[in-house]
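Presented below is the structure to which this report refers.
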Amino acid sequence: MKKSFLIILSLGAILLSNPYSFASESQNGAALENNERNSALGQIDDFAQEFKPKQPDKDPFMTLVTPPAPVIPAGPVKVDDDKKIKHEPQRPPLPLKVTFIVGSSYRKFANLSLNGRFYQMTSGEYEENRLFKVIEVQDRYVIIWDFTVDKERKLMLYE
């Protein structure tokens, strides 16, 4: 601490002993800088031109990229009764009848009548025009898939 105090005291003594020489040098330097600055500005002003944009109505500070609009989820759409989708009229099921069933527990055949035609069919067989398919033949009933109404039907014997 004693060393730093001595250094500060000696610098102060040097500055106080000759204050005019230091101030005159700093004032002369400032005057030179002002003269140089003025002459440089004069040269720049001679060549200065006004800025003329290529598109005068365009703002150069306008943002070019805009964020996308927020996504608003669509609410449920109300449909009037008049505008509802009209479904096809439902077709009636095929007029099938089971006349008799024969066979063993291994394999059974069913005799089916459709519009005056008779078919002898077992499980897994299709009608020739693919109007129906026999799914299963049991002792008292036959389960078929009716393609006209897209449903599974159970046909009882003697109905």
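The values are calculated or read from the model by the stated rules, or taken from the named source; none is laboratory data. Note that this is a predicted model, so its numbers are computed, not measured. Here Cβ is always computed from backbone atoms with ideal geometry, including for glycine, and neighbour counts include all displayed protein chains.
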Practice problem: Tell me which residues, restricted to the stretch 136-156, are free of Cβ contacts under 8 Å to residues at least 60 places away in the same chain and within 45 Å of the chain's Cα centre (by Cα). | Solution: W145, D146, F147, T148, V149, D150, K151, E152
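Is there a residue being at pLDDT below 90 and touching a strand residue (DSSP E or B) at 6+ places or on another chain (Cβ under 6 Å) anywhere in the stretch 82-90? Write out each step before concluding.
Here is the first cut: in the stretch 82-90, the ones at pLDDT below 90 are 82-90.
Subsequent filtering for residues that are touching a strand residue (DSSP E or B) at 6+ places or on another chain (Cβ under 6 Å) retains none.
No, every residue in the stretch 82-90 fails to be at pLDDT below 90 and touching a strand residue (DSSP E or B) at 6+ places or on another chain (Cβ under 6 Å).
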Quiz item: Applying the selection to the stretch 104-156, what residues are assigned to a loop (DSSP other than H, G, I, E, B), among the aromatic types (F, W, Y) and within 30 Å of H87 (Cα to Cα)?
Solution: F147
